[in-house]
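The values are calculated or read from the model by the stated rules, or taken from the named source; none is laboratory data. Please read all numbers here as calculations on a predicted model, not as lab measurements. Cβ: placed from backbone, ideal geometry, glycine included. Neighbour counts: every protein chain shown. Each accessible area value is taken on the protein alone, full model and side chains, heavy atoms only, with ligands, DNA and RNA left out. Shrake-Rupley method; radii C 1.70, N 1.55, O 1.52, S 1.80 Å.
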Amino acid sequence: MPGRDLALDAPFLHRIEVADRSASWPAMASYCVSRLAVRWRATRPPEEEIATVRQMVADLPQAGGEAVHLRCILDAVESADDNRSILLTLRLLHYAEWLADHSWPEVAIEVSEMAAPVCPGDRYQQAILQGRLHWRLAQWAQADVAYTEAATIAGQGGEKETLLRARLGLASIDWGLGNLGVGRQRLERIIHEAQLAGCGEIEAHAWGDLAAVLLRLGFAERAACAAFRSHRMHSDPKLKMRMLGNFCVTLAALHRDLPALHGLRQVVAADLEWREIANAKIEMMVLEWRSGSRAIAQGLISELLFAYPRMLPSMRCDFRFKLAELRRLEGRERDALKQLEEGKRVAIAHRLFDWQARLEAAMQPAPTGPSARQGGQDPSGASELTEILADLSTVGA
């Protein structure tokens, strides 16, 4: 299947191309191990080839986890166990999850495809993972197919939590495409059903997604409260820190710069995936400039411009939007419009309709009165947010 080989190669070779010197060897090893796994499905590769790839993996830095996943895949390839195909499937799916968590979505999709799961539980895991990855890449049709398959499998199994997780993914497509009202309704239903079913993790994720939707709808105070609730509900430290970052984004929208910066600095210093740290740095650019730390702001801009080719489509829109805001603070209107035009091109190319509307609005003369992003007065949200900020010292706990 030469066409399939070419399609499989592309994400791996792109990772090798964009990697710096320290990351190029793991990227090469990932490619070689993955090719071995694909060939094994048809015929066992020669022993000397397996030995060469195993030595390549042995030479990798052992910190970080990727070497462990690659060794486990090689062990499955060499296994004499009758269930080695199932073993290889599980290890490829685990490796795909690792790649997803380390911001290599295209490679993760290919590795998950290699897994070729058979049992419903593994097919559900694959579908949920692929839905999440296609969503990040703004590949809406593929994400819808994956999440719909996951919902079908979950419905057949009769487990409420797995079904709600799949529905959460389908709702994310609605609001990702800019259908904010529909997305909000679906998320509120999921929260209600998760509460009734005692599915705390699903509820926490749904509050986090609802925060993003409310912010885009202009209800920044309510968005902040939803993000904070998600932060408090999550038990996983990384998920709590991720939601702290989202909470700080809502605070920045409300011009609560000092607490927003305080929280974002915690996020940047945390053990999170590259994507989440980069998102925090995008938000920090303007906040550092407004706080008077202009050298830090310029350093962040340089760092993010270097990382731009690796950014997801929505991140590129956000970066251009924030950079335009910063350029306007500097009095560089022409450069600001240039950044907005570039962001709009990305939004159109990936059908990010909400981002397209926001970027086009930012090209117009600034409105007078309350900020459109803040959505005017929101007494109920403001009251709850005041209580949260009074106890802000506990946010990072």
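Below is a table of values for the structure above.
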{"quantity": "Cα gyration tensor shape of region 102-158, rounded if a/c is under 1.5, else prolate or oblate by comparing a/b with b/c", "calculated": "oblate"}
{"quantity": "Mean separation of Cα contacts under 8 Å (6+ apart) over length of the chain, as relative contact order %", "calculated": "11 percent"}
{"quantity": "Highest-fluctuation residue, 110, 97, 303 considered, GNM on the chain with Cα pairs under 10 Å", "calculated": "303"}
{"quantity": "At q = 0.06, 0.15 Å⁻¹, base-10 log of I(q)/I(0) for the chain (Debye sum, equal scatterers on each alpha carbon)", "calculated": "-0.26, -1.46"}
{"quantity": "Unit Cα scatterers, Debye sum, region 134-207: log10 I(q)/I(0) for q = 0.11, 0.27 Å⁻¹", "calculated": "-0.25, -1.24"}
{"quantity": "Where Rh is the Kirkwood radius over Cα pairs, Rg/Rh for region 314-361", "calculated": "0.97"}
{"quantity": "Carbon/sulfur fraction of accessible area - the chain, other protein chains in place, 1.4 Å, %", "calculated": "55 percent"}
{"quantity": "Farthest positive-ward along the chain dipole, Cα basis, beta-carbon charges - from 148, 98, 355", "calculated": "355"}
{"quantity": "Helix-only [θ]222 nm of the chain, DSSP H runs n ≥ 4, -39500 (n - 2.57) each, per residue, nearest 500", "calculated": "-26000 deg cm²/dmol"}
{"quantity": "Positive minus negative residues near residue 182 (Lys, Arg vs Asp, Glu; Cβ under 15 Å)", "calculated": "0"}
{"quantity": "Dipole magnitude of region 28-167 about its Cα centre (Cβ charges: Lys, Arg +1; Asp, Glu -1), debye to nearest 20", "calculated": "300 debye"}
{"quantity": "Measure of compaction for region 251-377 (Cα Rg per 2.2 N^0.38 Å)", "calculated": "1.03"}
{"quantity": "Local electrostatic count, residue 72, Cβ distance below 13 Å [Lys/Arg +1, Asp/Glu -1]", "calculated": "0"}
{"quantity": "Size descriptor, Kirkwood hydrodynamic radius, that averages inverse alpha-carbon separations across region 163-320, Å", "calculated": "16.1 Å"}
{"quantity": "Cβ charges +1 (Lys, Arg) and -1 (Asp, Glu), total dipole of the chain, debye", "calculated": "960 debye"}
{"quantity": "Within a Gaussian network of the chain (alpha carbon springs, distance under 10 Å), most fluctuating of 155, 331, 263", "calculated": "331"}
{"quantity": "Size of charge dipole - region 243-334 - debye, nearest 20, with Cβ of Lys, Arg +1 and Asp, Glu -1, no other charges", "calculated": "340 debye"}
{"quantity": "Whole-number accessible area per residue in Å² for the chain, which is evaluated in the context of all protein chains at 1.4 Å", "calculated": "46 Å²"}
{"quantity": "Long pairs among 160/238; 281/344; 240/338, criterion Cα-Cα beyond 32 Å", "calculated": "240/338"}
{"quantity": "FRET efficiency for residue 265 and residue 335, using Cβ-Cβ distance with R0 set to 25 Å, rounded to 0.05", "calculated": "0.40"}
